[in-house]
Each structure stands twice: as C-alpha cells, then as structure tokens.
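For reference, the structure discussed in these notes is given below.
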Amino acid sequence: MDCLFCKIIAGEIPSTKVYEDDVIFAFLDIDPKAPEHIVIIPKAHIPSADAVTADNCGDIGHLFSKIPEIAGARGLTNGYRVVNNCGEDGGQTVGHIHFHLLGGRQLAWPPG
Ligand code: AMP
Ligand code: ZN
C-alpha cells in the first residue's frame, strides 16, 4: 500500500521512534509545530477519523490509553494537546489516521 505512515511502521522510511507496541507506533514529527510534537498512529491502516468504526475503535482506544505514558516519557508534565486533522477541511495531509501530541509551551486556542 502506498501509505507514508505504513512505510514508517514497516521501517521503509526512517523515523525517530518514541513508542511502539503491537497496536500503535509513535514518532517525532519531521516538521514540529511545538517544542514537543509526536505523531501517534495505529498500525492498522485506518484512513482517517471518518473511518473509525465499531470494529476498529479498539485500536484507537488503546492508542489513547497510551497517551499519558508517551506524554510523561517526553516530559509533558504541564499539559499538552492531542489533535486529529480529518479530511481536506480538517487539514489532513497523510491518509492514515494519526494524532498529534503537542506540548512544551503554552498553546494558543482556538487554532486557526
Ligand atoms: P496532518 O497534516 O495532520 O495530516 O499531519 C501529518 C504530519 O506528518 C505533519 O505534521 C507532517 O509534518 C508529518 N510528517 C510528514 N512526513 C513525515 C515523516 N517522514 N516523518 C515524520 N513526520 C512526518
Ligand atoms: Zn497506512
């Protein structure tokens, strides 16, 4: 499958891995938008949040259950933001569902 993030999971494209288990993979964003910017993805190729179903939502639940551990390991003790961009209007540029974990500074709200 011609998917950038599936290739990162497979090690065909290099990344700086932050966390991995049987279900999810987390790595540093190549173009960080905050001092800490981690991308967390399920290993299953789910195209976007709009493709989450009763059958695959367990992987997403597992992903969220690991966010405190990943955030803690990255030193995000003062809070952080979890972002999912979905579809064209949402600003999604890679068609494999992913969650941005952002922190390390006060983040503006609302986003643009
Ligand atoms: P989005 O715009 O929400 O689809 O997020 C895609 C993210 O993937 C962006 O923040 C990119 O900087 C990031 N990205 C793209 N290519 C790579 C790569 N090879 N390694 C790490 N992060 C990447
Ligand atoms: Zn994929």
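General remarks:
- The single condition among (1) exposed (fewer than 15 other Cβ atoms within 10 Å of the Cβ); (2) part of a strand (DSSP E or B) that residue 22 does not meet is (2).
- Note on region 51-96: residues that are in contact with a strand residue (DSSP E or B) (Cβ under 7 Å, 6 or more places away or on another chain) and either within 12 Å of ligand 1 (Cβ to nearest atom) or within 15 Å of residue 41 (Cα to Cα) (or both) total 12.
- Residue list for region 5-19, filter: open to solvent by 30 Å² or more (accessible area, probe 1.4 Å) and β-branched (Val, Ile, Thr): 9, 13, 16, 18
- Residue under evaluation residue 78, criteria (1) in contact with a Phe, Trp or Tyr (Cβ under 6 Å, 6 or more places away or on another chain); (2) open to solvent by 30 Å² or more (accessible area, probe 1.4 Å), criterion not met: (1)
The values are calculated or read from the model by the stated rules, or taken from the named source; none is laboratory data. Quantities reported herein were computed from a predicted structural model and do not represent experimental measurements. Virtual Cβ from ideal backbone geometry, glycine too; neighbours counted across all protein chains shown. For the accessible areas, the whole protein counts, side chains as well, though only heavy atoms, and no ligand, DNA or RNA atoms are used. Shrake-Rupley method; radii C 1.70, N 1.55, O 1.52, S 1.80 Å.
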